[in-house]
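Worksheet: the structure to be examined is printed underneath.
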Amino acid sequence: MTEKNCFGRLFLTLFIAWTACAGLHWLPDEILGFSIKKTDMLSEIRRRTNDVPVADTLLSNMQAFIPFVPDSAYLHSADSLVLVKRDSLYLSLLAEMEKDTAGLRIRDFSAGHTGLRRFFNSLRHVETMTRPVRIAFLGDSFIEGDIVVADFRAMMQARFGGRGVGFVPIASNVEQYRPTVRGHSKGWETHSILSDRSYEKYVLSGLSFEAGSEASMSIKTTNSYPGLEAVSSLKFIYSCNSQAEVRLTCNGAMDTFQDVLPATGSIMQYEALGNFTDGHFLFRNAEGLQALGVAMEDNTGIVVDNFSLRGNTGIVWANLDENTCRAWNEIRPYDLIVIQYGLNVASENVNDYTWYMANMEKAILQLQLCFPDSDILLLSVSDRSHYRDGAYRTIPAIVALWNAQYKIAGQTRLPFWSVFHAMGGEDGMARYVKNNWASKDYTHLSFRGGRKIAAALYDALLLEKKLYDEVEEILD
(Lines give C-alpha, C1' and ligand atoms only; values in the text may rest on other atoms or scores of the structure.)
Protein backbone atom coordinates (compact mmCIF):
# COMPACT_ATOMS: atom_id res chain seq x y z
CA MET A 1 0.00 0.00 0.00
CA THR A 2 1.46 3.33 -1.05
CA GLU A 3 1.68 6.21 1.45
CA LYS A 4 -0.22 9.41 0.64
CA ASN A 5 1.78 12.57 0.01
CA CYS A 6 0.40 15.09 2.60
CA PHE A 7 2.74 17.89 1.62
CA GLY A 8 0.02 19.69 -0.34
CA ARG A 9 -2.41 19.47 2.58
CA LEU A 10 0.26 20.77 5.00
CA PHE A 11 1.10 23.65 2.67
CA LEU A 12 -2.61 24.54 2.39
CA THR A 13 -3.02 24.49 6.19
CA LEU A 14 0.01 26.76 6.67
CA PHE A 15 -1.23 29.11 3.96
CA ILE A 16 -4.65 29.39 5.62
CA ALA A 17 -3.03 30.06 9.03
CA TRP A 18 -0.71 32.69 7.55
CA THR A 19 -3.62 34.38 5.76
CA ALA A 20 -5.66 34.44 8.98
CA CYS A 21 -2.79 36.01 10.97
CA ALA A 22 -2.21 38.59 8.26
CA GLY A 23 -5.90 39.41 8.28
CA LEU A 24 -5.90 39.82 12.07
CA HIS A 25 -3.00 42.25 11.75
CA TRP A 26 -5.01 44.51 9.44
CA LEU A 27 -8.07 44.68 11.68
CA PRO A 28 -9.10 48.23 12.70
CA ASP A 29 -8.10 49.51 16.13
CA GLU A 30 -11.72 49.34 17.32
CA ILE A 31 -14.87 47.47 16.34
CA LEU A 32 -18.19 48.67 17.78
CA GLY A 33 -16.30 50.55 20.48
CA PHE A 34 -14.20 47.55 21.55
CA SER A 35 -10.41 47.73 21.30
CA ILE A 36 -8.87 45.03 19.14
CA LYS A 37 -5.55 43.39 20.02
CA LYS A 38 -3.77 42.91 16.69
CA THR A 39 -1.50 40.07 15.62
CA ASP A 40 1.92 40.96 14.22
CA MET A 41 4.14 38.03 13.26
CA LEU A 42 7.08 40.35 12.64
CA SER A 43 6.75 42.41 15.86
CA GLU A 44 10.13 41.28 17.20
CA ILE A 45 12.08 42.42 14.14
CA ARG A 46 9.96 45.30 12.87
CA ARG A 47 11.56 48.76 13.19
CA ARG A 48 9.41 51.11 15.24
CA THR A 49 8.81 54.26 13.26
CA ASN A 50 6.43 56.07 15.61
CA ASP A 51 8.39 56.00 18.85
CA VAL A 52 8.24 59.29 20.72
CA PRO A 53 10.66 60.09 23.58
CA VAL A 54 7.66 60.95 25.72
CA ALA A 55 9.14 61.14 29.19
CA ASP A 56 12.34 62.91 28.19
CA THR A 57 10.62 65.41 25.90
CA LEU A 58 7.83 66.37 28.26
CA LEU A 59 9.99 66.45 31.36
CA SER A 60 12.46 68.78 29.65
CA ASN A 61 9.52 71.01 28.77
CA MET A 62 8.49 71.06 32.42
CA GLN A 63 11.99 71.82 33.64
CA ALA A 64 12.24 74.89 31.42
CA PHE A 65 11.32 77.92 33.50
CA ILE A 66 9.21 80.47 31.68
CA PRO A 67 10.02 83.80 33.36
CA PHE A 68 7.31 86.26 34.26
CA VAL A 69 7.21 89.31 32.02
CA PRO A 70 5.08 92.08 33.56
CA ASP A 71 2.31 93.42 31.38
CA SER A 72 -0.52 95.91 31.78
CA ALA A 73 -2.83 93.23 33.14
CA TYR A 74 -0.74 93.09 36.31
CA LEU A 75 0.71 96.55 36.67
CA HIS A 76 -2.54 98.02 37.97
CA SER A 77 -2.89 95.44 40.77
CA ALA A 78 0.65 94.67 41.93
CA ASP A 79 4.17 95.99 41.82
CA SER A 80 5.83 94.16 38.93
CA LEU A 81 9.24 94.41 40.61
CA VAL A 82 7.91 92.59 43.66
CA LEU A 83 6.49 89.86 41.43
CA VAL A 84 9.82 89.41 39.67
CA LYS A 85 11.53 89.27 43.07
CA ARG A 86 9.09 86.58 44.19
CA ASP A 87 9.97 84.52 41.11
CA SER A 88 13.68 84.87 41.88
CA LEU A 89 13.24 83.87 45.53
CA TYR A 90 11.09 80.91 44.56
CA LEU A 91 13.68 79.55 42.15
CA SER A 92 16.52 80.09 44.63
CA LEU A 93 14.69 78.16 47.35
CA LEU A 94 13.82 75.40 44.91
CA ALA A 95 17.48 75.08 43.84
CA GLU A 96 18.51 74.54 47.47
CA MET A 97 16.35 71.43 47.77
CA GLU A 98 18.12 68.09 47.40
CA LYS A 99 15.88 66.93 44.58
CA ASP A 100 12.88 68.06 42.62
CA THR A 101 10.65 65.12 43.61
CA ALA A 102 11.36 63.39 40.30
CA GLY A 103 9.98 66.32 38.34
CA LEU A 104 6.57 66.08 40.03
CA ARG A 105 6.34 69.54 41.51
CA ILE A 106 3.74 72.08 40.44
CA ARG A 107 4.75 74.52 37.68
CA ASP A 108 3.17 77.87 38.45
CA PHE A 109 2.89 80.19 35.46
CA SER A 110 1.26 82.99 37.43
CA ALA A 111 2.96 86.28 38.20
CA GLY A 112 5.36 85.86 41.11
CA HIS A 113 4.28 82.25 41.69
CA THR A 114 1.03 83.46 43.28
CA GLY A 115 -1.35 81.11 41.48
CA LEU A 116 -2.22 79.27 44.72
CA ARG A 117 -1.86 82.24 47.06
CA ARG A 118 -5.49 82.44 48.19
CA PHE A 119 -5.68 78.70 48.77
CA PHE A 120 -2.48 78.59 50.81
CA ASN A 121 -3.59 81.62 52.84
CA SER A 122 -6.81 79.79 53.67
CA LEU A 123 -4.85 76.70 54.74
CA ARG A 124 -2.71 78.87 57.03
CA HIS A 125 -5.87 80.11 58.77
CA VAL A 126 -7.98 76.95 58.54
CA GLU A 127 -8.30 76.64 62.33
CA THR A 128 -9.71 80.14 62.77
CA MET A 129 -11.92 80.37 59.66
CA THR A 130 -15.70 80.55 60.09
CA ARG A 131 -16.20 78.14 57.18
CA PRO A 132 -14.36 75.13 55.80
CA VAL A 133 -11.61 75.45 53.20
CA ARG A 134 -13.29 74.09 50.09
CA ILE A 135 -11.75 72.34 47.09
CA ALA A 136 -13.70 71.52 43.93
CA PHE A 137 -12.30 68.65 41.86
CA LEU A 138 -13.55 68.79 38.25
CA GLY A 139 -13.07 65.78 36.01
CA ASP A 140 -14.57 63.02 33.89
CA SER A 141 -14.66 59.25 34.40
CA PHE A 142 -11.02 59.39 35.53
CA ILE A 143 -12.26 60.46 39.01
CA GLU A 144 -15.66 58.78 38.81
CA GLY A 145 -16.78 57.00 41.95
CA ASP A 146 -14.31 59.12 43.95
CA ILE A 147 -11.20 57.48 42.48
CA VAL A 148 -8.20 59.74 43.30
CA VAL A 149 -10.46 62.25 45.08
CA ALA A 150 -11.35 59.95 48.00
CA ASP A 151 -7.71 59.45 48.98
CA PHE A 152 -6.81 63.08 48.32
CA ARG A 153 -9.72 64.16 50.53
CA ALA A 154 -8.69 61.75 53.30
CA MET A 155 -5.10 63.03 53.26
CA MET A 156 -6.13 66.68 53.31
CA GLN A 157 -8.63 66.13 56.13
CA ALA A 158 -6.11 64.14 58.16
CA ARG A 159 -3.67 67.06 57.85
CA PHE A 160 -6.00 70.06 58.14
CA GLY A 161 -9.16 68.69 59.79
CA GLY A 162 -12.73 68.28 58.63
CA ARG A 163 -15.02 65.35 57.92
CA GLY A 164 -17.45 64.20 55.30
CA VAL A 165 -17.71 63.48 51.60
CA GLY A 166 -18.90 66.97 50.66
CA PHE A 167 -21.32 67.53 47.79
CA VAL A 168 -23.30 64.61 46.36
CA PRO A 169 -25.64 65.05 43.35
CA ILE A 170 -29.29 64.01 43.67
CA ALA A 171 -28.61 61.09 41.34
CA SER A 172 -25.55 59.55 39.67
CA ASN A 173 -24.94 56.70 37.25
CA VAL A 174 -22.20 55.37 39.55
CA GLU A 175 -23.82 55.93 42.94
CA GLN A 176 -23.95 52.17 43.60
CA TYR A 177 -20.19 51.89 43.01
CA ARG A 178 -19.05 54.91 45.02
CA PRO A 179 -17.56 53.63 48.30
CA THR A 180 -17.46 56.99 50.11
CA VAL A 181 -21.23 57.53 50.35
CA ARG A 182 -24.47 55.63 49.84
CA GLY A 183 -27.24 57.42 47.99
CA HIS A 184 -30.61 56.73 46.42
CA SER A 185 -33.23 59.02 44.90
CA LYS A 186 -36.72 58.75 43.42
CA GLY A 187 -39.05 61.05 41.52
CA TRP A 188 -36.51 63.29 39.76
CA GLU A 189 -35.87 64.20 36.12
CA THR A 190 -32.19 64.72 35.31
CA HIS A 191 -30.78 67.54 33.16
CA SER A 192 -27.11 67.42 32.07
CA ILE A 193 -24.97 70.18 30.63
CA LEU A 194 -23.61 67.62 28.16
CA SER A 195 -26.97 66.79 26.59
CA ASP A 196 -29.56 69.37 27.61
CA ARG A 197 -28.74 73.01 26.95
CA SER A 198 -32.39 74.11 27.29
CA TYR A 199 -31.70 74.41 31.00
CA GLU A 200 -29.02 77.07 31.19
CA LYS A 201 -28.34 77.58 34.89
CA TYR A 202 -25.82 74.83 35.57
CA VAL A 203 -23.05 75.03 38.15
CA LEU A 204 -19.94 72.90 38.64
CA SER A 205 -21.78 69.60 38.96
CA GLY A 206 -23.11 70.05 35.42
CA LEU A 207 -26.38 68.46 36.56
CA SER A 208 -29.78 69.72 37.66
CA PHE A 209 -32.77 67.71 38.88
CA GLU A 210 -36.45 68.55 38.57
CA ALA A 211 -38.90 67.02 41.04
CA GLY A 212 -42.30 65.51 40.37
CA SER A 213 -45.21 66.07 42.76
CA GLU A 214 -43.39 63.88 45.29
CA ALA A 215 -39.67 63.18 45.33
CA SER A 216 -37.10 61.80 47.75
CA MET A 217 -33.41 61.35 48.33
CA SER A 218 -31.58 59.21 50.86
CA ILE A 219 -27.94 59.54 51.80
CA LYS A 220 -25.77 57.57 54.21
CA THR A 221 -22.19 57.80 55.43
CA THR A 222 -19.67 54.96 55.14
CA ASN A 223 -16.49 53.97 56.98
CA SER A 224 -14.49 53.17 53.84
CA TYR A 225 -12.15 56.11 54.51
CA PRO A 226 -11.25 57.95 57.72
CA GLY A 227 -13.45 60.93 58.51
CA LEU A 228 -16.56 59.72 56.71
CA GLU A 229 -18.45 57.95 59.50
CA ALA A 230 -20.36 61.01 60.76
CA VAL A 231 -20.74 64.73 60.02
CA SER A 232 -22.11 67.78 61.78
CA SER A 233 -23.90 69.39 58.83
CA LEU A 234 -26.44 68.03 56.36
CA LYS A 235 -27.38 70.42 53.54
CA PHE A 236 -29.97 70.23 50.76
CA ILE A 237 -29.08 72.60 47.90
CA TYR A 238 -31.74 73.73 45.44
CA SER A 239 -32.13 76.41 42.76
CA CYS A 240 -35.88 76.94 42.34
CA ASN A 241 -38.92 76.36 44.55
CA SER A 242 -42.44 77.67 45.01
CA GLN A 243 -44.23 75.54 47.62
CA ALA A 244 -42.34 72.34 48.39
CA GLU A 245 -42.48 70.86 51.88
CA VAL A 246 -39.55 68.86 53.21
CA ARG A 247 -39.45 66.14 55.84
CA LEU A 248 -35.95 65.08 56.88
CA THR A 249 -35.44 61.98 59.01
CA CYS A 250 -31.93 61.24 60.27
CA ASN A 251 -29.90 58.67 62.16
CA GLY A 252 -32.23 55.75 61.60
CA ALA A 253 -35.36 57.94 62.01
CA MET A 254 -34.33 58.97 65.51
CA ASP A 255 -34.30 62.67 64.49
CA THR A 256 -36.91 64.41 62.34
CA PHE A 257 -37.03 67.89 60.80
CA GLN A 258 -40.08 69.21 58.95
CA ASP A 259 -40.33 72.56 57.15
CA VAL A 260 -41.65 74.44 54.17
CA LEU A 261 -38.73 75.24 51.90
CA PRO A 262 -38.37 79.01 51.30
CA ALA A 263 -39.53 80.00 47.83
CA THR A 264 -36.72 81.06 45.53
CA GLY A 265 -35.60 81.44 41.94
CA SER A 266 -31.93 81.33 42.89
CA ILE A 267 -29.63 78.90 44.68
CA MET A 268 -30.35 78.31 48.35
CA GLN A 269 -29.65 75.62 50.90
CA TYR A 270 -31.62 74.01 53.69
CA GLU A 271 -29.26 72.98 56.50
CA ALA A 272 -29.64 70.75 59.52
CA LEU A 273 -26.98 70.81 62.25
CA GLY A 274 -26.21 68.01 64.67
CA ASN A 275 -24.46 64.65 64.40
CA PHE A 276 -25.50 62.69 61.33
CA THR A 277 -24.81 59.29 59.85
CA ASP A 278 -27.70 59.31 57.38
CA GLY A 279 -30.56 61.42 56.11
CA HIS A 280 -33.77 60.82 54.18
CA PHE A 281 -35.37 63.81 52.44
CA LEU A 282 -39.03 63.53 51.41
CA PHE A 283 -40.55 66.38 49.39
CA ARG A 284 -44.30 66.97 48.92
CA ASN A 285 -46.04 69.57 46.74
CA ALA A 286 -42.74 69.57 44.92
CA GLU A 287 -43.83 70.68 41.44
CA GLY A 288 -41.34 73.30 40.26
CA LEU A 289 -38.66 72.24 42.73
CA GLN A 290 -35.25 72.14 41.06
CA ALA A 291 -32.41 70.68 43.09
CA LEU A 292 -28.66 70.19 42.76
CA GLY A 293 -27.71 67.85 45.55
CA VAL A 294 -26.91 67.24 49.20
CA ALA A 295 -23.73 67.98 51.16
CA MET A 296 -22.54 65.87 54.10
CA GLU A 297 -19.67 67.60 55.87
CA ASP A 298 -18.33 69.58 58.79
CA ASN A 299 -18.32 73.35 58.70
CA THR A 300 -14.64 73.36 59.68
CA GLY A 301 -11.45 71.92 58.24
CA ILE A 302 -11.32 70.73 54.62
CA VAL A 303 -14.17 69.89 52.26
CA VAL A 304 -13.43 68.30 48.86
CA ASP A 305 -16.29 68.11 46.36
CA ASN A 306 -16.03 65.59 43.51
CA PHE A 307 -17.66 66.97 40.34
CA SER A 308 -17.03 64.07 37.98
CA LEU A 309 -19.11 63.99 34.81
CA ARG A 310 -18.61 61.06 32.46
CA GLY A 311 -17.84 62.12 28.89
CA ASN A 312 -16.93 65.69 29.83
CA THR A 313 -14.01 67.29 27.97
CA GLY A 314 -14.01 70.41 30.16
CA ILE A 315 -14.84 72.85 27.39
CA VAL A 316 -18.53 72.92 28.43
CA TRP A 317 -17.59 75.19 31.34
CA ALA A 318 -17.44 78.04 28.83
CA ASN A 319 -21.25 77.92 29.01
CA LEU A 320 -21.55 78.43 32.77
CA ASP A 321 -24.01 81.11 33.83
CA GLU A 322 -22.14 83.78 35.79
CA ASN A 323 -25.05 84.88 37.99
CA THR A 324 -25.98 81.31 38.93
CA CYS A 325 -22.37 80.49 39.82
CA ARG A 326 -22.07 83.65 41.90
CA ALA A 327 -25.20 82.58 43.83
CA TRP A 328 -23.65 79.13 44.35
CA ASN A 329 -20.44 80.80 45.49
CA GLU A 330 -22.36 82.72 48.15
CA ILE A 331 -23.28 79.52 49.98
CA ARG A 332 -20.40 77.32 48.82
CA PRO A 333 -17.24 79.34 48.09
CA TYR A 334 -14.17 77.48 46.82
CA ASP A 335 -10.59 78.28 47.71
CA LEU A 336 -9.24 75.94 45.02
CA ILE A 337 -10.68 74.47 41.83
CA VAL A 338 -8.74 71.49 40.43
CA ILE A 339 -9.30 70.70 36.74
CA GLN A 340 -8.41 67.29 35.28
CA TYR A 341 -9.57 66.35 31.77
CA GLY A 342 -8.19 64.71 28.67
CA LEU A 343 -9.33 61.11 28.28
CA ASN A 344 -12.40 62.24 26.33
CA VAL A 345 -10.28 64.56 24.19
CA ALA A 346 -7.37 62.38 23.11
CA SER A 347 -7.97 60.49 19.87
CA GLU A 348 -5.50 58.01 18.41
CA ASN A 349 -5.56 59.63 14.99
CA VAL A 350 -5.38 63.24 16.15
CA ASN A 351 -2.16 65.04 17.10
CA ASP A 352 -3.23 68.66 16.59
CA TYR A 353 -5.15 70.03 19.58
CA THR A 354 -5.16 73.69 18.63
CA TRP A 355 -8.96 73.61 18.62
CA TYR A 356 -8.97 72.20 22.14
CA MET A 357 -6.56 74.86 23.39
CA ALA A 358 -8.80 77.68 22.12
CA ASN A 359 -11.96 76.17 23.64
CA MET A 360 -10.37 75.19 26.95
CA GLU A 361 -8.90 78.64 27.42
CA LYS A 362 -12.42 80.06 27.02
CA ALA A 363 -13.69 77.58 29.60
CA ILE A 364 -10.97 78.55 32.08
CA LEU A 365 -11.65 82.26 31.59
CA GLN A 366 -15.34 81.63 32.28
CA LEU A 367 -14.50 79.68 35.43
CA GLN A 368 -12.33 82.58 36.59
CA LEU A 369 -15.18 84.99 35.88
CA CYS A 370 -17.74 82.83 37.71
CA PHE A 371 -15.45 82.07 40.67
CA PRO A 372 -13.22 85.15 41.00
CA ASP A 373 -12.09 84.29 44.54
CA SER A 374 -10.94 80.77 43.70
CA ASP A 375 -7.47 79.65 42.68
CA ILE A 376 -7.36 77.16 39.80
CA LEU A 377 -4.91 74.28 39.41
CA LEU A 378 -4.74 72.60 35.98
CA LEU A 379 -3.83 68.90 35.91
CA SER A 380 -2.61 67.16 32.78
CA VAL A 381 -4.12 64.18 31.03
CA SER A 382 -3.15 60.80 32.42
CA ASP A 383 -1.30 58.17 30.42
CA ARG A 384 -3.26 55.86 28.13
CA SER A 385 -1.93 52.91 26.14
CA HIS A 386 -2.71 50.96 23.02
CA TYR A 387 -1.26 47.69 21.75
CA ARG A 388 1.49 48.26 19.21
CA ASP A 389 4.50 46.21 18.11
CA GLY A 390 3.83 43.44 20.61
CA ALA A 391 3.43 45.66 23.69
CA TYR A 392 1.18 48.25 25.28
CA ARG A 393 2.64 51.68 24.64
CA THR A 394 1.67 55.29 25.29
CA ILE A 395 -0.65 56.66 22.63
CA PRO A 396 1.17 59.47 20.73
CA ALA A 397 -1.98 61.59 20.98
CA ILE A 398 -1.48 61.74 24.75
CA VAL A 399 1.86 63.46 24.17
CA ALA A 400 0.31 66.01 21.84
CA LEU A 401 -2.55 66.69 24.25
CA TRP A 402 -0.15 67.02 27.20
CA ASN A 403 1.77 69.68 25.29
CA ALA A 404 -1.47 71.50 24.51
CA GLN A 405 -2.48 71.49 28.19
CA TYR A 406 0.95 72.72 29.23
CA LYS A 407 0.61 75.63 26.80
CA ILE A 408 -2.91 76.35 28.11
CA ALA A 409 -1.51 76.68 31.62
CA GLY A 410 1.16 79.08 30.36
CA GLN A 411 -1.24 81.21 28.36
CA THR A 412 -3.81 81.44 31.17
CA ARG A 413 -1.07 81.82 33.84
CA LEU A 414 -2.25 78.85 35.90
CA PRO A 415 -0.36 76.41 38.12
CA PHE A 416 0.11 73.08 36.32
CA TRP A 417 0.72 69.54 37.59
CA SER A 418 1.43 66.50 35.44
CA VAL A 419 -0.64 63.39 36.16
CA PHE A 420 1.21 61.79 33.24
CA HIS A 421 4.55 62.04 35.02
CA ALA A 422 3.03 61.04 38.35
CA MET A 423 2.19 57.74 36.61
CA GLY A 424 5.83 57.33 35.60
CA GLY A 425 5.83 59.03 32.23
CA GLU A 426 6.10 57.00 29.03
CA ASP A 427 4.28 53.64 29.23
CA GLY A 428 3.22 54.44 32.78
CA MET A 429 -0.24 53.02 32.19
CA ALA A 430 1.22 49.65 31.19
CA ARG A 431 3.06 49.53 34.51
CA TYR A 432 -0.10 50.53 36.36
CA VAL A 433 -2.07 47.70 34.75
CA LYS A 434 0.71 45.23 35.57
CA ASN A 435 0.53 46.28 39.24
CA ASN A 436 -3.29 46.15 39.26
CA TRP A 437 -3.40 49.91 39.71
CA ALA A 438 -5.47 50.38 36.54
CA SER A 439 -8.10 48.48 34.59
CA LYS A 440 -7.25 46.43 31.54
CA ASP A 441 -8.78 48.99 29.22
CA TYR A 442 -5.41 50.72 29.73
CA THR A 443 -7.30 53.98 30.33
CA HIS A 444 -8.87 54.13 33.79
CA LEU A 445 -7.30 53.83 37.24
CA SER A 446 -8.34 51.45 39.98
CA PHE A 447 -8.70 52.79 43.51
CA ARG A 448 -5.18 51.54 44.27
CA GLY A 449 -3.85 53.54 41.34
CA GLY A 450 -5.92 56.51 42.38
CA ARG A 451 -4.27 56.38 45.79
CA LYS A 452 -0.85 56.70 44.12
CA ILE A 453 -1.92 59.77 42.15
CA ALA A 454 -3.64 61.32 45.17
CA ALA A 455 -0.51 60.92 47.31
CA ALA A 456 1.68 62.49 44.61
CA LEU A 457 -0.71 65.44 44.22
CA TYR A 458 -0.90 65.90 47.99
CA ASP A 459 2.92 65.92 48.25
CA ALA A 460 3.20 68.38 45.35
CA LEU A 461 0.72 70.79 46.98
CA LEU A 462 2.50 70.64 50.35
CA LEU A 463 5.86 71.21 48.66
CA GLU A 464 4.47 74.23 46.84
CA LYS A 465 2.94 75.52 50.07
CA LYS A 466 6.30 75.19 51.80
CA LEU A 467 7.99 77.21 49.06
CA TYR A 468 5.21 79.79 49.15
CA ASP A 469 5.38 80.16 52.94
CA GLU A 470 9.18 80.60 52.86
CA VAL A 471 8.92 83.27 50.16
CA GLU A 472 6.26 85.08 52.19
CA GLU A 473 8.41 84.91 55.31
CA ILE A 474 11.43 86.38 53.51
CA LEU A 475 9.40 89.18 51.93
CA ASP A 476 7.79 90.06 55.26
- Message: Accessible area of region 316-452 with a 1.4 Å probe: how many percent of it is carbon plus sulfur?
- Response: 45
- Item | At most 11 other Cβ within 10 Å, DSSP loop - GluC sites (Glu not before Pro), region 128-221 | none
- Query: Computed over the Cα atoms, what is the radius of gyration of region 236-369 divided by 2.2 N^0.38 Å, N being its residue count?
  - Reply: 1.33
- Item | Relative contact order [Cα under 8 Å, 6+ residues apart], region 236-348, whole percent | 29
- Query: Of all trypsin sites (Lys or Arg not before Pro) in region 317-386, which ones are in loop regions per DSSP and have a Cβ with at most 12 other Cβ atoms within 10 Å?
  - Reply: none
- Two pseudo-spin positions, 7 Å from Cα along C-beta at Phe257 and at Glu96, lie apart in nanometres by 5.0
- Note on the structure: Sorted largest first, the C-alpha extents of region 355-453 along its principal axes in whole angstrom are 46, 28, 17
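The values are calculated or read from the model by the stated rules, or taken from the named source; none is laboratory data. All values derive from a computational prediction rather than experimental measurement. Here the Cβ is made from the backbone with ideal geometry for all residues, glycine too, and neighbour counts use every protein chain on show. The accessibility values were calculated without ligands, DNA or RNA, using every heavy atom of the protein model including side chains. Shrake-Rupley method; radii C 1.70, N 1.55, O 1.52, S 1.80 Å.
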